[in-house]
Amino acid sequence: MHNLKGKHIVLGITGSIAAYKACTLIRLFVKAGAEVQVVITPAGKEFITPVTLSALTSKPVVSEFFSGKDGSWHSHVDLGLWADAMVIAPATAASIAKMAHGVADNMLITTYLSMKAPVFIAPAMDLDMFAHPSTQDNLAQLKRYGNIIIEPAEGELASHLVGKGRMAEPEDIFTFVGKRLAEKQAPETLRLNGKTVLVTAGPTIEKIDPVRYISNFSTGKMGYAIADACAEQGARVILISGPVNGLETRYKGIEKINVVSASDMYEAATKAFPSCDAAILCAAVADYTPARCAEQKIKTHAATALELTPTQDIAAALGRMKTADQRLVGFALETNDEQEHARAKLKKKNLDFIVLNSLRDPGAGFACDTNKVTMLFADGKTLDFPLKDKHEVANDLTDQLCALF
Ligand code: C5P
């Protein structure tokens, strides 16, 4: 059982039949020592009464913008600052849609928009609503905004003979959120406290003419997860990001520098590195760029060959700049003779360790939410990891980085 003594949890309840399960969830949080403030939507109150909820939390339930009794204003901004976590369980398709689009027409959504703490969302609806592209798009959007979606594990779904969309069990939500909260420590005990970490992420775009470019399939998910994992350990994080599709970090304090081309990324990274303690180079930087970008759109029949010139290797440049106090981590995405190629890159770029992922492993590499990596160290050590969520991989990487200081 996690010790959540002194932790503040805002529990958002929306209008689903699973609302009754919020009672169990509250009891688990309260038993673990947390204070729980319920914010409920008007539809939520049709499923469970505020009287039950306030009895369990020992706090008045917040539902309206103004108190019915004395007209005083309920401050969603204060709740956003008070909370260590916001948990929305159950979250209906309608509330998920409103959150994804900022439709702040009730106290719960308003509180969500003011929230400074991590937000956990447990969807609850029938399979058709859950599977609808609208709902899936909204959930994907919420993930990109840094929210954490809690769904039942596959095994659990099978054992309950009901489909996806069903809310995760209160015990599982409690364990998930509790683990994350228990990990949050005092700043001085965080392992990267006082350190500055540079992270590069995403693809680069190399322009051919005003309408065409060369790029790759990198989404930036791995790099953004690493930026968050370092921030979670107390680091000041500078994230140099190539063009990504609406992706956001969970930690709002991360200093993000947006770049487009390999040359922009090189400039930004070499400028920032001297003031950093470590750099983690996760970006999929183009190795070649068009020798020149045509001013006008190249006519369909005018071009049969494209002249390319090599870009500068950022990792190698930082490897040359690196002082004895700095650490440098690179990535290698390989398709064959993986370890051999990765070891060669580790050496050539003067890295402390390199994170190898192979496109031969299903679920690894670009675009997916999971990755399977091997870490190869300058001292010859090799660590193999199983297939994991990219956030877990980011935690493993951060652990190894911390051990090098
Ligand atoms: O040589 P390769 O591109 O496979 O090396 C991958 C590693 O080098 C990654 O860490 C990547 O971010 C980095 N890299 C870089 N600048 C380049 C090319 C790769 O920083 N121009």
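Values in this text are rule-based calculations from the coordinates and carry no lab data. Just so it is clear, the structure is predicted and the values come from calculations on it, not from any experiment. Cβ coordinates were reconstructed from backbone atoms using ideal geometry, including for glycine residues, and neighbour counts include every protein chain displayed.
To make sure I understand the rule: partners must be lysines, Cα under 25 Å from the Cα of Lys7, and not fewer than 8 residues away in the same chain. Which ones qualify?
Lys21, Lys31, Lys59, Lys116, Lys143, Lys179, Lys184, Lys252
Taking the highest mean first, how do the peptides 227-239, 129-141 order by number of other beta carbon atoms within 10 angstrom per residue? Please report the intermediate quantities before stating the final value.
Numbers: 227-239: 24.6, 129-141: 15.4.
Result, highest mean Cβ count within 10 Å first: 227-239, 129-141.
For the chain, give the magnitude of the charge dipole about the Cα centre (Cβ charges: +1 Lys/Arg, -1 Asp/Glu; no others), in debye to the nearest 20. Each step should come with its number before you reach the end.
Working: 43 positive and 45 negative charges, 112 e Å.
So the dipole magnitude of the chain works out to roughly 540 debye.
Of Val197, Thr219, Ala229, which is farthest towards the positive pole of segment 171-271's charge dipole, taken about the Cα centre with +1 and -1 on the beta-carbons of Lys, Arg and Asp, Glu respectively?
In segment 171-271, that residue is Val197.
Connecting C-alpha atoms closer than 10 Å in a GNM of the chain, tell me which of Ala315, Ala55, Ala19 has the biggest fluctuation.
Checking each option, the largest mean-square fluctuation is seen for Ala55.
Based on DSSP H runs of at least 4 residues, each adding -39500 (n - 2.57), what is the mean residue ellipticity at 222 nm of the chain after dividing by all its residues, to the nearest 500 deg cm²/dmol?
Working: 14 runs with 137 residues, N = 405.
Rounded to the nearest 500, it is -10000 deg cm²/dmol.
Can you give me the distance in nm between label points at Lys299 and Asp389, each placed 7 Å from the Cα along the Cα-to-Cβ direction?
So the label points at Lys299 and Asp389 sit 5.5 nm apart.
For a Förster distance of 30 Å, can you work out the FRET efficiency between the beta-carbons of Lys348 and Ala153, rounded to the nearest 0.05?
Values: r = 42 Å, r/R0 = 1.40.
Approximately 0.10, to the nearest 0.05.
Take every DSSP beta bridge whose two residues both sit in the chain, then give the antiparallel share in percent to the nearest 5.
Details: 17 of 59 bridges.
Of those bridges, close to 30 percent are antiparallel.
Run the reach check for Lys297 against aspartates and glutamates, Cα to Cα strictly under 13 Å, same-chain hits fewer than 8 apart removed. What comes back?
Qualifying aspartates and glutamates at Cα under 13 Å: Asp209.
For segment 100-243, what is the charge dipole size about the Cα centre, in debye to the nearest 20, if Lys and Arg each add +1 at the Cβ and Asp and Glu each add -1 at the Cβ?
On the way: 14 positive and 16 negative charges, 140 e Å.
That gives segment 100-243 a dipole magnitude of about 680 debye.
Only Cα pairs within less than 10 Å get springs; with that Gaussian network setup on the chain, which residue of Gly220, Gly33, Gly365 has the largest fluctuation?
Gly33
Quick check: residue separation of Ala55 and Tyr20 times 0.36 nm, minus the Cα distance between them. What number comes out in nm? Present the calculation step by step, with values, prior to reporting the outcome.
Numbers: separation 35, 0.36 × 35 = 12.60 nm, distance 1.40 nm.
Gain in length upon complete extension: 11.2 nm.
Would you work out which of Val285, Leu306, Ala324 lies farthest towards the positive end of the dipole of segment 284-351, given +1 charges on the beta-carbon of Lys and Arg and -1 on that of Asp and Glu, about the Cα centre?
Ala324
Counting DSSP beta bridges in segment 301-397, what percent are antiparallel, to the nearest 5? Kindly include the intermediate steps, with their values, before the conclusion.
On the way: 10 of 16 bridges.
The antiparallel proportion sits near 60 percent.
In this model, which of Lys45/Lys164; Lys348/Lys381; Lys221/Lys381 are farther than 19 Å apart at the alpha-carbon?
Working: Lys45/Lys164 25 Å; Lys348/Lys381 17 Å; Lys221/Lys381 27 Å.
Listed pairs above 19 Å: Lys45/Lys164; Lys221/Lys381.
How large is ³J(HN,Hα), in whole Hz, for each residue of segment 74-89 in order, when computed from phi with the Karplus curve 6.51 cos²θ - 1.76 cosθ + 1.60 and θ = phi - 60°, using x for Gly and Pro?
Calculated HN-Hα couplings, in order: 7, 8, 5, 5, 4, 4, x, 7, 5, 6, 8, 7, 10, 10, 10, 8 Hz.
How far, in nm, would the chain grow between Asp325 and Trp73 when pulled straight, counting 0.36 nm per residue and subtracting the alpha carbon separation?
Details: separation 252, 0.36 × 252 = 90.72 nm, distance 5.23 nm.
Length difference between fully extended and current span is 85.5 nm.
As a test of the definition: which semi-axes, in Å, follow for the chain when you take the square root of five times each eigenvalue of its alpha carbon gyration tensor? Largest first, please.
Working: eigenvalues 362, 119, 83 Å².
Those come to 43, 24, 20 Å.
Assign unit charges at the C-beta atoms only (+1 for Lys and Arg, -1 for Asp and Glu), then state the dipole size of segment 1-133 relative to its Cα centre in Debye, rounded to the nearest 20.
Numbers: 10 positive and 9 negative charges, 91 e Å.
My answer is approximately 440 debye.
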